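The values are calculated or read from the model by the stated rules, or taken from the named source; none is laboratory data. Everything numeric in this text was worked out from a predicted model, so none of it was measured. A quick note on method: Cβ atoms are made from the backbone with ideal geometry, for glycine too, and the neighbour counts reach across all protein chains shown. For the accessible areas, the whole protein counts, side chains as well, though only heavy atoms, and no ligand, DNA or RNA atoms are used. Shrake-Rupley method; radii C 1.70, N 1.55, O 1.52, S 1.80 Å.
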Amino acid sequence: MKLHYISGGTEFNTRDKNVSAPLLRKLFDIEYVGSKAKLYISAVGFYRVFLNGKELTKGFFAPYISNPDDLIYYDVYDVTDILGKQNVICVLLGNGFGNALDCGIWDFDKAPFRAAPKCGLKLFVKEECVLESDESFDVFDSPITFDDLRFGEHFDARLLRSELFEPIFVDGCRKAIFAATPKGELRECKAQPVRSYEQIKPCHITEYGNGYIYDFGQNNAGIYRLDINGQSGQKVKMMFFELMRNGKPFRDEMIFAYRNDVDYDIQRDEYICVDGSQSYVPSFTYHGYRYIYVEGITKEQATKKLLTYIVLHSDIPATGKFSCSDKIINRIDEIAVRSDLSNFYYFPTDCPHREKNGWTGDAVCGAEQLLYHFDCSQSLTEWLYNIVKAQRSDGVVPGIVPTGGWGFSWGNGPAWDAVIVEIPYQIYKITGDIVAVKIAALAIEKYFEYVATKKNADGLLEYGLGDWCEMGGRITTPLEVTDTLTIIDMTAKAEELFVALGNKSVAEKCSVLHNELVAAFRKKYIKGGRIAIKTQTAIAMSLEYGVFIVDEIEYARADLKAAMNASGGKMQIGVLGAKVLFNALTKAGMTDIAYNAVRGPEYPSYGYLLKHEATTLWESFVEMEKDELPCDSYNHYFWGSVTAWFYRSLAGLNITSHNTVEINPHPINQLDYAEAEYALNGRKISVKWQRDGDAISVNIYNENFSGIVKIDGYSVDGKKECILKYGENFFMFTATTR
């Protein structure tokens, strides 16, 4: 399908000039009322579409957030029951990613596709095109006088013209202009839409400075509804932030640029009132925040009714659930889930308050736990398509997707580039869907060809970011270690994927590269059967990624125990270490040590975050008592990989493939019970272990159970539910689903 794109003009928002969001409008008649009718609509930027006064838009920030030079998206709406003989269509356009402001970090303002927002549409009735975007559309300036995905939105209610949405003639406008057709591939959006899921009222209102601080009790992401009885011209200013320190709004982590004069422009909205009662919800921006500082209101207006937090995230239904007898562990899982959701806007992002970027490395760390918690494979697959499109011809993958050109020379590297393997691998492993594998296959081949050119004199790799955000702010594991081990893991997983595709020749190439890297790594770093680098990350990655021979594994586990003892039983890792440490400890019989390291509450631990009233995970484990510089985000999801360990080890529900689940609980003395469940497409399985006197009772339920379960001579044949009792021994069985 070919679409003609139109804009409201050639001018667009810059740092120095605001341009109102255009409203494109067209009156039209149709002959066959009641006949099957479909509207196809695409936009560079965001759109909201209205037909005869009814909004059709699937959710917030339609159609998607992409680089239009790579991919341009469209949506399809059934409008059969909305059309009449006389009709009006209105399209409100926002800047979105097509025209994003920037001030020196990710170079969005230098993107080659930057322009005024534009849209293309076609309306089909009885499979005949009866309307398409062209220069006959009228253009009106909307009440949105400024919009930017990161900086905020300004709305002047005095400019609102409700009559534009009715099928009547309205004079006084200019005409649309044809705009350049986007270079990217036109693609229907299959990612789950962004929608509203919760509305939160403020728990505290505090008078501060010239206004009031509204506290909503939790850090989150979304927008708000302003309900005010105002006076014409009254300007309400809102500033959004995550943290209070020493009784003051703290926004130092929101440094957005290298120019100090614009650091605090981010996350600021303005609303100009008309007379009387009115409501406002932003259209083309969202914020990460717990607090709103409001200026321009009277004391009488400063009530709890004034502002409502509207929580947004992609429509990714829950698939998994975990709980145990420890409220602290449950709260860690809770804030991890909130971090997941508030960072999932079509694809996983790194923080909702400042960047909103699709960092590839964050997804490498978080893909498995995201799929344990949510039915998000559809959205991850769509994003993977964008990642593959962003890959350069030489195989290099950018650190953020979408990008306007930034992230190819810094911000990437093996642990970030691994996204092209990790996402399809985890989707295939957990759901059995092979579509993502097919999408990534050529990109994986191309990337491994690039890897071969990056080997150093020792045959190893060192061109990435390393064990990012390690406690204490210093990376202690050599880059050569983490990069090489990451590619070793990538090649092993990629070999599995190509076997699944039936491509034996490429699978063999992956195996050859894997073996070469393992041999080179062992030659330099395994001495006398032991690893030379004694950091928690190096040992755990080496154990999990299989570089030790069988006789060396116990040495490595002893080294890991010594490394934990050396740190007083505390974590000393970055996000790459966090992905593997707890699994490695459990396999070494140290689940209790892993549990204590996670729980804390001393620094650094997840429990330490709770001690400091965290309601989402932080980007870094900052030691608050030392009044250090803040971490860059108090809402990050990439540390949430620990929650997959909750499922796998604490509860014992381990999805090893799309048709195999290992039930292997680890009933440590610190817990009285733990339980987890997973359900997708009717494949529900749950496990709960509980102390029963001196024994452990295990309850397993599997809707699609088949085969025979045997543990210590006890077997259950073909039953959906069973209760097994054991003494103090560990136990495991495998349930195979149909």
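Some points to look at:
- For region 572-584, the candidate set comprises residues that are assigned to a loop (DSSP other than H, G, I, E, B) and touching a Gly at 6+ places or on another chain (Cβ under 9 Å); within that set, the residue that is farthest from Asp483 (Cα to Cα) is Gln572.
- Residues of region 386-401 that turn out to be assigned to a loop (DSSP other than H, G, I, E, B) and open to solvent by less than 10 Å² (accessible area, probe 1.4 Å), as a count: 6
- Here Ile335, Ile328, Ile430 are screened, and the one residue that is assigned to a helix (DSSP H, G or I) and open to solvent by 10 Å² or more (accessible area, probe 1.4 Å) is Ile328.
- Scanning region 428-454 for residues that are over 30 Å from Pro182 (Cβ atoms) and without any contact (Cβ under 8 Å) to a residue 60 or more places away in the chain yields Thr453, Lys454.
- Some residue of region 449-457 being farther than 15 Å from Gly502 by Cα and buried (at least 23 other Cβ atoms within 10 Å of the Cβ): no
- Answer from Ile144, Ile177, Ile200 - the residue that is modelled with pLDDT of 95 or more and more than 23 Å from Gly45 (Cβ to Cβ): Ile200
- Filtering region 339-346 for residues that are more than 19 Å from Val575 (Cα to Cα) and at pLDDT below 95 leaves an empty set.
- Selection of region 369-385 for residues being open to solvent by 10 Å² or more (accessible area, probe 1.4 Å) and more than 18 Å from His636 (Cβ to Cβ) yields Asp375, Ser377, Gln378, Thr381, Tyr385.
- As a summary of the residue check, Gly172 satisfies the conditions (1) modelled with pLDDT of 95 or more; (2) farther than 22 Å from Ala191 by Cβ except for the one numbered (1).
- Out of Ala302, Ala318, one residue alone is open to solvent by 30 Å² or more (accessible area, probe 1.4 Å) and in contact with a strand residue (DSSP E or B) (Cβ under 7 Å, 6 or more places away or on another chain). It is Ala318.
- Filter pass, Gly209 being at positive phi and open to solvent by 50 Å² or more (accessible area, probe 1.4 Å): yes
- Some residue of region 551-571 being in contact (Cβ under 8 Å) with a residue 40 or more places away in the chain, aromatic (Phe, Trp, Tyr) and either open to solvent by 10 Å² or more (accessible area, probe 1.4 Å) or in a loop (DSSP other than H, G, I, E, B) (or both): no
- Any hit, region 699-709, residues being surrounded by fewer than 17 Cβ atoms within 10 Å (Cβ to Cβ), assigned to a strand (DSSP E or B) and at pLDDT 75 or above: yes
- Extreme residue, most open to solvent (accessible area, probe 1.4 Å), among residues of region 607-624 that are touching a residue at least 12 places away in the same chain (Cβ under 8 Å) and outside any loop (DSSP other than H, G, I, E, B): Met624
- Count of residues meeting criterion [aliphatic (A, V, I, L, M) and surrounded by fewer than 24 Cβ atoms within 10 Å (Cβ to Cβ)] in region 479-497: 2
- Entirely in region 59-162, the strands (runs of 3 or more DSSP E) that have 3 or more residues that are hydroxyl-bearing (Ser, Thr, Tyr) and under 15 Å from Val49 (Cβ atoms): 71-78
- Residues that are assigned to a helix (DSSP H, G or I) and touching a Phe, Trp or Tyr at 6+ places or on another chain (Cβ under 6 Å), drawn from region 585-606: Ala594, Val598
- A Cβ distance below 8 Å, combined with a sequence gap of six or more or placement on separate chains, defines the contacts here; from region 647-670, residues that are without any contact (Cβ under 8 Å) to a residue 12 or more places away in the chain reach residues that are open to solvent by 20 Å² or more (accessible area, probe 1.4 Å) and part of a loop (DSSP other than H, G, I, E, B) in the pairs Asn654/Asn664.
Here is a yes/no grid of residues against (1) hydrophobic (A, V, I, L, M, F, W, C); (2) touching a Leu at 6+ places or on another chain (Cβ under 8 Å):
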{"site": "Cys90", "(1), (2)": "yes, yes"}
{"site": "Leu93", "(1), (2)": "yes, yes"}
{"site": "Gly98", "(1), (2)": "no, no"}
{"site": "Phe108", "(1), (2)": "yes, yes"}
{"site": "Ala111", "(1), (2)": "yes, no"}
{"site": "Cys119", "(1), (2)": "yes, yes"}
{"site": "Val139", "(1), (2)": "yes, yes"}
{"site": "Arg150", "(1), (2)": "no, yes"}
{"site": "Ser162", "(1), (2)": "no, no"}
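- Enumerated strands (runs of 3 or more DSSP E) restricted to region 645-695, each holding at least 1 residues that are of a type in the set (Val, Ile, Thr): 653-657, 660-663, 685-692
- When the residues of region 403-427 are filtered to those that are without any contact (Cβ under 8 Å) to a residue 60 or more places away in the chain and of a type in the set (Gly, Ala, Ser), the one that is most open to solvent (accessible area, probe 1.4 Å) is Ser409.
- Subset tally (residues that are within 23 Å of Asp69 (Cβ to Cβ), in contact with a strand residue (DSSP E or B) (Cβ under 6 Å, 6 or more places away or on another chain) and surrounded by 19 or more Cβ atoms within 10 Å (Cβ to Cβ)) for region 132-186: 5
- Residue that is nearest to Leu186 (Cα to Cα), among those in region 11-44 that are open to solvent by 60 Å² or more (accessible area, probe 1.4 Å) and modelled with pLDDT of 95 or more: Lys38
- Selection from region 654-684 of residues that are open to solvent by less than 20 Å² (accessible area, probe 1.4 Å), more than 23 Å from the chain's Cα centre (by Cα) and over 17 Å from Ala594 (Cβ atoms): Val661, Ile663
- Within this structure, Tyr47 fails the test of being aromatic (Phe, Trp, Tyr) and surrounded by fewer than 19 Cβ atoms within 10 Å (Cβ to Cβ).
- Of the residues screened, Ile487 is not one that is under 26 Å from the mean Cα position of the chain (by Cα) and in a loop (DSSP other than H, G, I, E, B).
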